Amino acid sequence: MASKFNPLRYDLPPNTRACLFQDPKQLSSPPKTPIQDPKLIINGGSTLSGHVSISGSKNSALPILAATLCCSGSSNLKNVPCLSDTRTMASILESLGAQLMTFNGEIVVNTDGLLSVEPDSAEIRKLRGGFFVLGPLLARFGEATVGLPGGCDIGTRPIDLYIHGLQALGATVELRDGKVQAHVSNGKGLTGASFGLDCPSVGATETLMMAACLAEGNTVISNAAQEPEIIDLAGFLTNCGAAVEGAGTDTLYISGRRRLYGSEYSIMPDRIEAGTYMLAAAITRSHISMSPVIYSNLTSLLDKLSRAGCKILHLSDDTLELSAVPGATGDNLQGFSIKTRPFPGFPTDLQPLTMALLSTCKGISVIEETVFENRMSHELQKFGAKIQVCGSTALVFGKGNASPLCGSQVIATDLRGGMSLVLAGLAAEGCTEISGISHVDRGYESLEMKLQGLGANVTRMTSSSGPSQNFGISFASL
Ligand SMILES: CC(=O)N[C@H]1[C@@H](OP(=O)(O)OP(=O)(O)OC[C@H]2O[C@@H](n3ccc(=O)[nH]c3=O)[C@H](O)[C@@H]2O)O[C@H](CO)[C@@H](O)[C@@H]1O
Ligand SMILES: C=C(OP(=O)(O)O)C(=O)O
């Protein structure tokens, strides 16, 4: 049940809902055909070719959707990927009383006239990004009650830095009944402060940045995350009237504003999706191109792939071509070692997918996962991959493409681990059946359609309806 709404700083006219928002095609409308237990069937072993379009970034879209709660008026967001995570985020905003609608593939969000500061806990539990509403709600309305977040089961994923940071800004924060209850009791709102993060948490940086934009006075966040998604969020907030400096460095300087105003913003391309398709081309020893890609967001992966023997060409400012086609002397890809690190280090989100590739390369590779403590529990070994995991380190004994992986029946248990199984299935000889594909749908727009467009033999099966080619519905068609 939503908490009693008692805004401290809610100085907006209630119920200012433009007729624009009366459109019945709300984002959270249930899909027309219920999709249960979807599976992917992959007949692997063939090469990919052609061009793939990269969607907007999930991990930018989620905090930016949360940031619309900081703004009066409407925000018009472009290039929001159509994913189960963004649909869940839309439903979280609607559970607060926000008005959302889509047209021409864009999402318009209006958070004037909110009815609650307690989003639907069941929806919050479905993803990590839902928890990001805590900072904006608290900053704009002086109180918020938010259930504990979900997201991929890849470690303990505490929220202590969010809580300590909001306390530094003057909030009283308690954990009660599995929910974080926060309020500001000074009658004015959050107050700017200096706060150092123990580790550069992306979500905590985003949450505190959004909160500080509406706090009174100046805030300095040190040891901040430097991921490109922080820069994207800062770009949106700045468009809305916020004063944020230092995004992309380890120190953020924010000068609080009394109000922010909704604006138009285009979400940047998804660097993790782009990296995934590069790895898909590499593992299948193929030649593909993709756009739009921001090269500087992917330097650590591009360096490793070049050193492994992939040929990478920048066809234009935002179009990349990758070739891993074996030469006359046979298979060309050499294994390499990686250690995951916060940006600009090797991204943890690409670690499981890189592990799949390395299992097909020459030599022994070492993978060290330093960001999350449990990001290696997937079923790559079932494809015949030779991997020894010890804690957060894995030794991958590359088979080389001459001795390919074999198709298998496997279960996806998280987003990127699940996608690593898809990559293995594309490279493997024979048929692969991957269940638990809803985990993968959290982060990959039109997955099988994009793979089919590259020539992969991939079909989605649902227990209720048999083969389905039409999952990649767009926001515009909802
Ligand atoms: C929705 C979203 O954007 N998800 C991304 C975000 O997750 P998320 O924001 O959850 O990841 P964090 O950067 O917060 O986590 C990094 C590390 O910080 C630790 N930590 C975090 C918060 C806290 O209060 N205390 C604490 O100790 C975590 O346990 C982890 O070891 O960044 C991760 C790291 O790039 C990515 O893998 C996720 O895809
Ligand atoms: C871990 C991820 O997402 P989340 O933080 O939502 O679990 C991811 O995108 O790889």
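The values are calculated or read from the model by the stated rules, or taken from the named source; none is laboratory data. These numbers come from a predicted model, not from an experiment. Cβ sites come from the backbone with ideal geometry, for glycine too, and all protein chains shown count toward neighbours.
Looking at the stretch 69-98, which of its residues are closer than 19 Å to C240 by Cβ, away from ligand 1 (no atom under 16 Å from the Cβ) and touching a Gly at 6+ places or on another chain (Cβ under 8 Å)?
C71, S72, G73, S74, S75, N76, K78, N79
Every residue in the stretch 185-211 that is surrounded by 23 or more Cβ atoms within 10 Å (Cβ to Cβ) and either more than 16 Å from ligand 1 (Cβ to nearest atom) or not assigned by the TED database to the domain that holds A139 (or both), please.
Once the filter is applied, which keeps residues that are surrounded by 23 or more Cβ atoms within 10 Å (Cβ to Cβ) and either more than 16 Å from ligand 1 (Cβ to nearest atom) or not assigned by the TED database to the domain that holds A139 (or both), the stretch 185-211 yields only L190.
Out of (1) within 16 Å of ligand 1 (Cβ to nearest atom); (2) crowded, with 22+ Cβ neighbours inside 10 Å, what's the single condition that is false for A215?
Failing condition for A215: (1).
Before we move on, is S420 within 14 Å of ligand 2 (Cβ to nearest atom), of a type in the set (S, T, N, Q) and buried (at least 20 other Cβ atoms within 10 Å of the Cβ)?
yes
Might you let me know whether the stretch 259-281 holds any residue that is of a type in the set (S, T, N, Q) and exposed (fewer than 15 other Cβ atoms within 10 Å of the Cβ)?
Checked against the condition, which is being of a type in the set (S, T, N, Q) and exposed (fewer than 15 other Cβ atoms within 10 Å of the Cβ), the stretch 259-281 yields no hits at all.
How many residues does the stretch 340-367 contain that are outside any helix (DSSP H, G or I), out of contact with any strand residue (DSSP E or B) (no Cβ under 7 Å at 6 or more places or on another chain) and closer than 17 Å to V422 by Cα?
1
Could you check, for the stretch 283-302, whether at least one of its residues is surrounded by fewer than 15 Cβ atoms within 10 Å (Cβ to Cβ), more than 29 Å from G151 (Cα to Cα) and aliphatic (A, V, I, L, M)?
Looking for residues that are surrounded by fewer than 15 Cβ atoms within 10 Å (Cβ to Cβ), more than 29 Å from G151 (Cα to Cα) and aliphatic (A, V, I, L, M), one finds none in the stretch 283-302, hence no.
Within the stretch 41-69, take every residue that is away from ligand 2 (no atom under 16 Å from the Cβ) and surrounded by 24 or more Cβ atoms within 10 Å (Cβ to Cβ) and give me the one that is nearest to the chain's Cα centre (by Cα).
Per the criteria, the residue is A67.
Would you check if there is a residue in the stretch 95-112 being in contact with a Pro (Cβ under 9 Å, 6 or more places away or on another chain), away from ligand 2 (no atom under 16 Å from the Cβ) and among the small types (G, A, S)?
So far as the stretch 95-112 goes, yes, one or more of its residues are in contact with a Pro (Cβ under 9 Å, 6 or more places away or on another chain), away from ligand 2 (no atom under 16 Å from the Cβ) and among the small types (G, A, S).
Within the set of pairs 6+ apart or on separate chains, which have a first residue in the stretch 368-392 that is part of a helix (DSSP H, G or I), a second that is within 16 Å of ligand 1 (Cβ to nearest atom) and of a type in the set (A, V, I, L, M), and C-beta atoms under 8 Å apart?
Filtered contacts from the stretch 368-392: L380/M355.
So V293 clears everything in (1) farther than 30 Å from D198 by Cα; (2) within 16 Å of ligand 1 (Cβ to nearest atom) except one condition, right? Which one?
(2)
Could you give every pair whose Cβ atoms fall below 7 Å, whose first residue belongs to the stretch 290-308 and is within 21 Å of E227 (Cβ to Cβ), and whose second residue is outside any loop (DSSP other than H, G, I, E, B) and at pLDDT below 95, counting only separations of at least 6 or pairs across chains?
Qualifying pairs under 7 Å: Y295/H314.
For (1) among the acidic types (D, E); (2) surrounded by fewer than 22 Cβ atoms within 10 Å (Cβ to Cβ); (3) outside the structural domain of D414 (by the TED database), each residue gets a yes or a no:
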residue	(1), (2), (3)
D349	yes, no, no
L357	no, no, no
V366	no, yes, no
T370	no, yes, no
E373	yes, yes, no
S377	no, yes, no
A385	no, no, no
Q388	no, yes, no
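Residue-by-condition table, conditions (1) at pLDDT below 95; (2) among the aliphatic types (A, V, I, L, M); (3) over 25 Å from R285 (Cβ atoms):
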residue	(1), (2), (3)
L421	no, yes, no
G430	no, no, no
I434	no, yes, no
R442	no, no, yes
E448	no, no, no
L451	no, yes, no
P467	yes, no, yes
G472	yes, no, yes
F475	yes, no, yes
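Under 18 Å from M268 (Cα atoms) and part of a strand (DSSP E or B) - does that describe any residue in the stretch 78-86?
yes
Quick one: is D85 of a type in the set (D, E, K, R), surrounded by fewer than 22 Cβ atoms within 10 Å (Cβ to Cβ) and within 30 Å of T348 (Cα to Cα)? It would help to see each step written out before you state the result.
On the way: of a type in the set (D, E, K, R): yes; surrounded by fewer than 22 Cβ atoms within 10 Å (Cβ to Cβ): no; within 30 Å of T348 (Cα to Cα): yes.
Here the answer is no, as D85 does not meet what is asked.
Considering each residue of the stretch 395-445, count those that are within 16 Å of ligand 1 (Cβ to nearest atom) and in contact with a Gly (Cβ under 8 Å, 6 or more places away or on another chain), and give that number. Lay out the reasoning, then the answer.
In the first step, residues of the stretch 395-445 are kept if they are within 16 Å of ligand 1 (Cβ to nearest atom); the result is 412-420, 439-445.
Of the ones still in play, those that are also in contact with a Gly (Cβ under 8 Å, 6 or more places away or on another chain) are 412-413, 415-416, 418-419, 439-440, 445.
Result for the stretch 395-445: 9.
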